[in-house]
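Enquirer: Got a structure for you, written out below as structure tokens; questions coming shortly.
What follows draws every value from the coordinates through simple rules; no lab data is involved. Note that the coordinates shown come from a computational prediction; the quantities given were computed from them, not determined experimentally. Neighbour counts run over all protein chains shown; Cβ positions are idealised from the backbone, glycine included.
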Amino acid sequence: MDPSMLIGAAVLAVLFALEGAIPFYRGRSGRYAHAARNLSLAVASGAVGAAMAPLIVLSTQWAAERGFGLCQALALHPVVCAVTAFVLFDAWMYAWHRANHEIPLLWRFHRVHHTDPAMDSTTALRFHPGEIMLSTLLNCVVLAALGAGIAVLAVYKSVMIVIIQFHHSNVRVPAALDHRLRLLIVPPSMHRVHHSHLRAETDSNYGTIFSFWDRLFGSYRTRRRYDDIRFGIGAYDSVDWQNPLRLLSLPFRALSETRP
């Protein structure tokens, strides 16, 4: 089993418990039903990711056998290669996330993630299988271009699953700690803005692990208050649309919803 899956399951259990004990948004009901819906999508997406995992292995092996990629071209020390590839892969994740908002075809799939009306740690796993398929194919190309081994990806995925579940969570984090965290990583407050129903806020704060990409590329956005954010995209957030089977059909609906 992929180590990141075990890490993700453990972190999810801890965060879900904390969301019940010290929630940022209080008074939410139906937490377990909400989690079940999101995890149903996660199972479908995970199955697609697992089926495509051999492509990742083949792409890294191909690069290693041919001395292809950045690490080989620059003859980087293995440790330097690992750190460089880790940071650059996170830059790629920023670019991919931003593309999912700016390219209509990609947004068709990615909006499944954004139609969650009550963001919590399980939202971090709510993705359409089509998005996972596309991202996996492109990840093969990026990993080969970096010349990074499969171990780098394993470490990245393990760190990523912790961070994305944390910044999607409904855990109350002290404001001072949240502010310090955002100097390096994406904290919950920053990502809550990204899930706002207001398009100007949705189309911002694309970082996955590191927060500095948004500052560097001008997509960083904050707000005075975070407790009055309305989540979603202004459409497809009703109870009947939260059915996993309907969400799977969402990419094939017209891009006609209003995004304020």
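Enquirer: Taking region 65-168, which trypsin sites (Lys or Arg not before Pro) meet the DSSP loop condition and have no more than 16 other C-beta atoms within 10 Å?
Expert: When the trypsin sites (Lys or Arg not before Pro) of region 65-168 are filtered for loop state and at most 16 Cβ neighbours within 10 Å, Arg66 remain.
Enquirer: Sticking with this structure for a sec: Express the C-alpha Rg of the chain as a ratio against the empirical globular expectation 2.2 N^0.38 Å, rounded to two decimals.
Expert: On the way: Rg = 18.2 Å, N = 260, 2.2 N^0.38 = 18.2 Å.
Scaled against compact globular proteins, the figure is 1.00.
Enquirer: Multiply the residue gap between Leu198 and Glu65 by 0.36 nm, knock off their C-alpha separation, and tell me the result in nm, one decimal place.
Expert: 43.1 nm
Enquirer: Can you tell me the 0 to 90 degree angle between the C-alpha axis of helix 104-114 and the longest principal axis of the chain, rounded to 10?
Expert: Helix 104-114 sits roughly 60 degrees off the main axis of the chain.
Enquirer: Full-extension gain between Ser249 and Asp2, please, as 0.36 nm times their residue separation minus the C-alpha to C-alpha distance.
Expert: Here the segment from Ser249 to Asp2 would lengthen by 86.1 nm.
Enquirer: Then there is this: At 0.36 nm per residue, and after removing the present C-alpha to C-alpha distance, how many nm does the segment from Leu88 to Ala33 gain when stretched out fully?
Expert: 16.1 nm
Enquirer: Based on other C-beta atoms within 10 Å, arrange Val141, Val11 from fewest to most. Don't jump to the answer; show the numbers that get you there.
Expert: Values: Val141 11, Val11 20.
Ordered by Cβ neighbours within 10 Å, fewest first: Val141, Val11.
Enquirer: If amide H atoms are built 1.01 Å from N in the plane of the peptide, which residues on other chains or at least 5 residues away come under 5 Å of the amide H of Val171?
Expert: For Val171, the qualifying residues are Phe24.
Enquirer: Turning to a different aspect of this structure: Using a Gaussian network model of the chain with C-alpha springs under 10 Å, which one of Leu153, Leu177, Leu15 is most mobile by mean-square fluctuation?
Expert: Between Leu153, Leu177, Leu15, it is Leu177 that shows the largest mean-square fluctuation.
Enquirer: If I fit a long axis through the Cα atoms of helix 129-146 and take the longest principal axis of the Cα atoms of the chain, what angle between them do I get, 0 to 90°, rounded to 10?
Expert: Long axis of 129-146 versus the principal axis of the chain: about 30 degrees.
Enquirer: Oh, and also: P(r) of region 58-196 in 10 Å steps, Cα pairs, percent per bin?
Expert: 11, 36, 33, 18, 3
Enquirer: Between Leu105 and Ala176, what's the calculated FRET efficiency when r is the beta-carbon distance and R0 is 30 Å? Round to 0.05.
Expert: Taking R0 as 30 Å, the efficiency between Leu105 and Ala176 is 0.10.
Enquirer: Explain nothing, just the number: dipole magnitude of the chain about its Cα centre with +1 on each Lys and Arg Cβ and -1 on each Asp and Glu Cβ, in debye rounded to the nearest 20.
Expert: 540
Enquirer: At a Förster distance of 51 Å, what's the computed FRET efficiency of Val14 paired with Gln72, Cβ-Cβ distance as r, to 0.05?
Expert: 0.85
Enquirer: Projected onto the charge dipole of region 1-133 (+1 at Lys/Arg Cβ, -1 at Asp/Glu Cβ, origin at the Cα centre), which of Met52, Ala33, Asn100 gives the Cα projection farthest towards the positive end?
Expert: So the residue we want is Ala33.
Enquirer: Based on the inverse mean of 1/r over its pairs of different Cα atoms, what is the Kirkwood hydrodynamic radius of region 22-85, in Å?
Expert: The Cα-based Kirkwood calculation yields 15.8 Å.
Enquirer: Moving to a separate point now. List the residues of region 135-155 whose backbone N lies under 19 Å from a point placed 7 Å from the Cα of Ala95 along the Cα-to-Cβ direction.
Expert: Correct set: 135-149, 153.
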